[in-house]
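Reviewing the structure listed below.
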Amino acid sequence: MTKYFEHLHPVCIFLYFVLVIGMTLACMHPVMLLISATGAALFLWMLGGRRKVVGILRFVGPMFLLIAIANPLVNHRGVTLLGMFMDQWITLEAICYGITAGLSLGALILWFACYQEIMTSDKFLYLFGKIAPATSLLITMTLQLIPKLQNQLSDIRQGQEMLREQKKGIMAKLHTAIRHTSTLIGWSVENAVEQADSMKARGYGLKRRTTFHLFHFDSRDARFLTGILILGGMCIIARAFGHGTMEFYPRMDVVITGESGIFMYCIFAVLVCLPTILEGKEAVRWRSYGLTS
């Protein structure tokens, strides 16, 4: 089944992620961050399925709990006292700020996971290859490094298990880990040199070099770009007027700030859920045509 977002123009994709990630960073508000995290989780579900979301949440969940629990233990600002723990006051404001900070970090990780699924290296190089060829190539290689290292480490382990018997004991496991790490570092350095030489031989970075790509800006991209610019612009204007954020210290503001605040929450919800709506619409269309089981 084809995916709607994968066939959009790279400019549309990159601008969308800039808007949602930028708004997530700019809005320190529990409702806004909860909406952002929910939209990112749904989008990731549509892209990679339940297993992908569960894998990310296994990493995000403990992080969120750590921040939410640690903040009131080390930060005692606030006027609403709830009790004592180890001779230290626990305040409502510190608890709420810890939960909000955890939501902010979780939402950002989920959005960057969606970005990694959609924004491939060829799209990134298409956008920034002519503007900053060396920097864009370095960023692309860095983003590809972690999954490549994971796959290569798995191959190294399988090869070593076939060549020699695995010994038990802490020292034996330590020697095995050092040997695997040494092999992995050697492979990564050699691969980086080969890739750099390959790109140089192809004339990457030269001003007169032409490139082949399949990206074309069509009417669908224009409609999508117009929609996200309108929604994102409304969110930015509302944020400029003070909505979408709140003060926690010394006394926490009210969560809902009237009709204008609710309107911003609704607009932002449409913006972050737009990929899920479009991907769901594409899936229904393919099922109606009998192209999927």
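The values are calculated or read from the model by the stated rules, or taken from the named source; none is laboratory data. Quick caveat: nothing in here was measured; it's all calculated off a predicted structure. All Cβ positions, glycine included, derive from the backbone under ideal geometry; neighbour counts span all protein chains shown.
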| task | Return the only residue of Gly232, Gly280 being surrounded by fewer than 16 Cβ atoms within 10 Å (Cβ to Cβ) and small (Gly, Ala, Ser). | result | Gly280
| said: Given the criterion surrounded by 11 or more Cβ atoms within 10 Å (Cβ to Cβ), modelled with pLDDT of 90 or more and more than 23 Å from Leu25 (Cα to Cα), identify the matching residue among Ala269, Ala222. | reply: Ala222
| message | Just to check your reading of the model, which residue among Phe241, Phe263, Phe248 is surrounded by 19 or more Cβ atoms within 10 Å (Cβ to Cβ) and not hydroxyl-bearing (Ser, Thr, Tyr)? | response | Phe248
| request: Please tell me if Gly22 is in the same structural domain as Thr245 (by TED's automatic domain parsing) and more than 24 Å from Phe217 (Cβ to Cβ). | output: no
| message | Report every pair of residues separated by at least 6 positions or lying on different chains whose Cβ atoms are under 8 Å apart, first residue within region 250-267 and farther than 22 Å from Val20 by Cα, second among the small types (Gly, Ala, Ser). | response | Pro250/Gly78; Arg251/Gly78; Met252/Gly78
| said: Just the residues that are within 18 Å of Pro30 (Cα to Cα), touching a residue at least 24 places away in the same chain (Cβ under 8 Å) and either over 21 Å from the mean Cα position of the chain (by Cα) or not in a helix (DSSP H, G or I) (or both), please, taken from region 225-249. | reply: Ala238, Arg239, Gly244, Thr245, Met246, Phe248, Tyr249
